[in-house]
Amino acid sequence: MTKYIMALDAGTTSNRCILFNKKGEICSVAQKEFTQIFPKPGWVEHNAKEIWSTIMGVAVEAMSNLNIRADDVAGIGITNQRETTVVWDKITGEPVYNAIVWQCRRTSKFCDELKQAGYEDMVKEKTGLLIDAYFSATKLKWILDNVEGAREKADKGELLFGTIDTWIIWKLTNGKVHVTDYSNASRTMLYNINTLEWDKEILELLDIPENMLPEVKPSSEIYGYCDSNYLGGSIPISGAAGDQQASLFGQTCFQKGDAKNTYGTGAFLLMNTGEKPVYSTHGLVTTIAWGLDGKINYALEGSIFVAGSAIQWLRDELRILDSAADSEYMATRVPDTNDCYVVPAFTGLGAPYWDQYARGAIVGITRGVNKYHIIRATVESLAYLSYDVLEVMEKDSGAKMKTLKVDGGASQNDFLMQFQADLLNVKVQRPKFVETTALGAAYLAGLAVGYWENLDDIKQNWELSREFIPSLSEEEIQNKIKRWRKAVTYSLSWADK
Ligand SMILES: Nc1ncnc2c1ncn2[C@@H]1O[C@H](COP(=O)(O)OP(=O)(O)O)[C@@H](O)[C@H]1O
Ligand SMILES: O=P(O)(O)OC[C@H](O)CO
């Protein structure tokens, strides 16, 4: 039997390659950060060619760490920052513009116009999403409308669109395969999650030619083979999913009602809702979790735009931390936040507020508030934002959550995880392998090539590392939430429209 499955995890700030064995254990990791481009306030871009070269670099490095050949890799699974939009020339392979990143707010005004024109219900019903600059659709339209010559070329069928999964698969196959999976398609705001097709009405509304869109495939299937020039052999590319859906899969949240929260750059709380879409009335989005074995699995999602990046802000901008990991020790230097609250709404607020114009706020500063209080309040804000999402998720799904599985970089922070368990009044479970995003992509790829036989085979691999047990009374929780909600009001509608 071939020894490994390769996961290529194309994240927002770095690309990673992990080689897993059958037990889901990490055998080799390589990671590289890439450039974040901020051309204007609120705008975020990546160089798509740099994403490709770093992903190749880490793939080669991870293989050479183990001194293995392409024959030792049974399949490649791709997982990626979602929504981020790339448009490139079909013939030359050159991107016509930088990738516009999910965090980028440049199309906020246009989204407002769509809402004012009354398209919200139609878009929600068809795509499961709210109209927001976060999703790919208006980013793609922006490129067509603003990059010289792009619209003409697109109309002539000379340009291709893709999210990062599509771009990487297209590059790996030397331009032979132009596909995406259901989970990524469901983040574009162009895909009808009920009929499972690109939605003609929305494409017409945004003036996007359908011929530039990728074919939508299941999340576990051989899409093509990697060109042998890249990794020394033609390995099947056999799985793909957006990173948050991949981590839901990697956490083995296969049953309706299973949920996980990933604390990475942003935080994303997803609950598996089974084979039927559940629509939120409280600002969550309905998304496709994965397409597998001829079935579609849906999820409810609460997207929090800023989570771990608030800790990076303490480190890089305020410079009151040497490392993100130090936030735990520093937060526990004080017994509480001294009634200080940090609302890290740096790029607006996502679920359940959806305020594109919200901005960060530090409130409750008195003469006695010191840097430890601010650090603690920032760490706690990740838990408060997750509380806001979980509260409405329980309402929308009608399910009371008993345990929450966690992962992502900031889930390593024990103080944060305990505070999260306290606030939510649920058990928080952190697995032994927290690289669940890559693991989910590996599982999807491995299932398609028979490396793992079925979901039971995979389920055995999930192992608990630490469980955090809630310890606050309901009254204490509600007092804290009341103060937090008051703090949030100061950040809302701050930026000029
Ligand atoms: N111990 C920690 N406490 C709090 N935040 C942390 C800790 N370790 C890492 N982080 C944060 O987690 C994020 C990185 O997590 P990761 O899952 O790698 O993110 P992504 O996949 O979005 O790049 C960073 O924003 C970092 O600030
Ligand atoms: O790169 P991450 O892990 O912060 O994930 C980004 C999300 O996919 C954006 O929707």
- prompt: If you average the sequence gap of Cα pairs under 8 Å that are 6 or more apart and divide by the length of segment 386-497, what percent do you get for the contact order?
  reply: 28
- prompt: Taking a 1.4 Å probe, which of THR127, THR347 shows the most accessible area, and what order do the others take after it?
  reply: THR347, THR127
- prompt: Exactly which trypsin sites (Lys or Arg not before Pro) in segment 362-407 are in a DSSP loop and have at most 14 other Cβ atoms within 10 Å?
  reply: ARG367, LYS400, LYS402
- line: For ILE237, other-chain or 5+-apart residues with amide H closer than 5 Å (H placed, Pro excluded) are ILE76, TYR223, GLY224, TYR225, CYS226
task: Between beta-carbons, use under 15 Å as the cut-off and find the net charge around PHE110, counting Lys and Arg +1, Asp and Glu -1.
output: +1
- request: Counting only C-alpha contacts under 8 Å and six or more residues apart, can you give the relative contact order of the chain as a whole percent?
  value: 15
message: Give the lysines whose C-alpha is closer than 25 Å to that of LYS402, dropping any in the same chain fewer than 8 places away, or say none.
response: LYS256, LYS260, LYS276, LYS427, LYS432, LYS459, LYS480, LYS482
- prompt: Are there trypsin sites (Lys or Arg not before Pro) in segment 304-337 that DSSP marks as loop and that have at most 10 other Cβ atoms within 10 Å, and which are they?
  reply: ARG319
Qualifying trypsin sites (Lys or Arg not before Pro) for segment 416-468 [loop in DSSP, other Cβ within 10 Å: at most 15]: LYS432
task: Answer rounded, prolate or oblate for segment 196-304, using the Cα gyration tensor with square roots of eigenvalues a ≥ b ≥ c: rounded when a/c is under 1.5, else prolate when a/b is larger than b/c, else oblate.
output: oblate
query: Got a number for the accessible area of MET393? Probe 1.4 Å, square angstrom, nearest 10.
result: 0
task: Would you mind working out the accessible area per residue for the chain, using a 1.4 Å probe, and quoting it in Å²?
output: 38
- request: Could you tell me whether segment 133-263 comes out rounded, prolate or oblate from its Cα gyration tensor? Rule is a ≥ b ≥ c as square roots of the eigenvalues, rounded for a/c under 1.5, then prolate if a/b exceeds b/c, otherwise oblate.
  value: oblate
task: Please work out the Cα center distance from segment 129-179 to segment 440-460, rounded to the nearest Å.
output: 30
- prompt: Carbon and sulfur atoms: what percent of the 1.4 Å accessible area of segment 46-143 do they account for?
  reply: 46
message: Given a 1.4 angstrom probe, I'd like the percentage of the accessible area of segment 341-427 that is carbon and sulfur, rounded to a whole number.
response: 52
- request: Determine the shape class of segment 148-206: with a ≥ b ≥ c the square roots of the Cα gyration tensor eigenvalues, call it rounded for a/c under 1.5, and otherwise prolate if a/b is greater than b/c, oblate otherwise.
  value: oblate
statement: Taking every DSSP bridge whose two residues both lie in the chain, the antiparallel percent to the nearest 5 is 70
- request: Can you sort TRP43, TRP452 by 1.4 Å-probe accessible area, starting with the largest?
  value: TRP43, TRP452
message: Using the basic label-point model (7 angstrom from Cα toward the beta carbon), what is the SER465 to LYS22 distance in nanometres?
response: 2.5
- request: Evaluate the relative contact order of segment 273-429 (contact order divided by residue number), counting alpha-carbon pairs under 8 angstrom at least 6 apart; express in whole percent.
  value: 22
- request: Could you let me know the centre-to-centre spacing of segment 2-67 and segment 322-384, using Cα atoms, in angstrom?
  value: 30
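The values are calculated or read from the model by the stated rules, or taken from the named source; none is laboratory data. Quantities reported herein were computed from a predicted structural model and do not represent experimental measurements. Glycine also receives a Cβ, built like all others from the backbone with ideal geometry; neighbour counts cover every protein chain displayed. All accessible areas refer to the heavy atoms of the entire protein, side chains included, with ligands and DNA or RNA removed. Shrake-Rupley method; radii C 1.70, N 1.55, O 1.52, S 1.80 Å.
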